[in-house]
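Q: The structure that follows is given in the form of structure tokens.
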Amino acid sequence: MYKGSYIAASGMVVKQRQMDLVSNNLANSATFGYKQDRVSFKDVYVSEINGVKQQGDQRDMTNTDVYYTDQSEGAFQSTGNPLDVAISGDGYFSVEGNKYTRAGNFSLDTDGYIVTKSGDRVLGANGPIQIQTGNIQDIQIGQDGAISVNNQAVDKFSVVTFADKKNLAKQGNNFFVSKDEPLESTAQVNQGVIESSNVNVIQEMVTMIELLREYETQQKVVQTFDDATAKVTGSMATL
């Protein structure tokens with residue numbers, strides 16, 4: 001009976017982990033450029049977990065397999081802000097510190113550098129992109145990422161991609177990091193729009209309800225096994 005309890009409890013553990021991911025996705029549903037997280041599961045034989053080869057015992061339990069990020073593109077939201085940019089296709093903006101992001105809600109700091117919401121400087125072809133403060137009448141950003149101010153070329157956004165996006169890891173402030181070398185991207189840069197998160201709030205809410213029901217069901221299974229074990233133990237004590 002204890003194996004049955006262990007199998008049901010394993011389901012509770014992974015449902016809790018999945019619930020944590022869904023909760024985080026919902027919390028970031030309004031974060032520009034956010035990419036939702038997912039987890040996949042696999043069945044693992046109880047004997048494999050115990051480290052013992054058992055004949056005839058093919059019962060299995062649930063275990064987490066891979067945590068991954070859904071890199072699908074979010075919807076575009078028009079803002080009209082000349083420093084709001086969004087990438088169409090496969091690409092990421094390069095940021096100081098070997099960081100990358102899809103969140104293009106940029107601004108200028110006091111020194112005229114284009115920065116992210118967290119204040120990190122955005123990189124261009126020649127390092128951090130700096131626009132001289134002062135008489136800025138017009139900022140134009142081409143689909144290739146080229147930046148011009150008052151009809152004068154300034155720099156070009158460094159937009160990169162990676163051969164294997166599975167190696168991209170999330171870091172704070174909506175950044176990604178990777179041990180792999182970035183590759184030049186040909187993705188299109190769009191000015192005056194920003195990419196929303198790719199979280200479907202309604203779907204995540206439905207998933208959360210389903211997870212809660214599944215967790216409660218597995219909890220009842222564990223309780224049933226506990227009750228059965230207690231009855232058996234009680235019966236044996238009277239012998």
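A short reminder: the numbers here are calculations on the coordinates, not readings from a lab. The model shown is predicted, which means the values in this text are computed figures rather than measured ones. With ideal geometry, Cβ positions are generated from the backbone for all residues, glycine too; neighbour counts draw on all protein chains shown.
Q: Taking the Cα centre of the stretch 134-239 as origin, sum charge times position over the Cβ atoms of Lys and Arg (+1) and Asp and Glu (-1), and report the length of that vector in debye to the nearest 20.
A: Numbers: 8 positive and 14 negative charges, 62 e Å.
For the stretch 134-239, the charge dipole is close to 300 debye.
Q: So how much slack lies between Val177 and Asp20, counting 0.36 nm per residue of separation and subtracting their Cα-Cα distance, in nm? Working shown, then result.
A: Numbers: separation 157, 0.36 × 157 = 56.52 nm, distance 2.20 nm.
Extra length available between Val177 and Asp20 comes to 54.3 nm.
Q: Which order results if Ser107, Ser40 are arranged by neighbouring Cβ count within 10 Å, fewest first? Show your work: numbers first, answer last.
A: Working: Ser107 14, Ser40 9.
Lowest to highest Cβ neighbour count: Ser40, Ser107.
Q: Do the alpha carbons of any pairs in Lys15/Lys166; Lys35/Lys220; Lys15/Lys179; Lys35/Lys179; Lys15/Lys117; Lys117/Lys170 sit beyond 26 Å of each other, and which pairs?
A: Details: Lys15/Lys166 23 Å; Lys35/Lys220 34 Å; Lys15/Lys179 30 Å; Lys35/Lys179 19 Å; Lys15/Lys117 33 Å; Lys117/Lys170 16 Å.
Going by Cα-Cα distance, Lys35/Lys220; Lys15/Lys179; Lys15/Lys117 fall outside the 26 Å limit.
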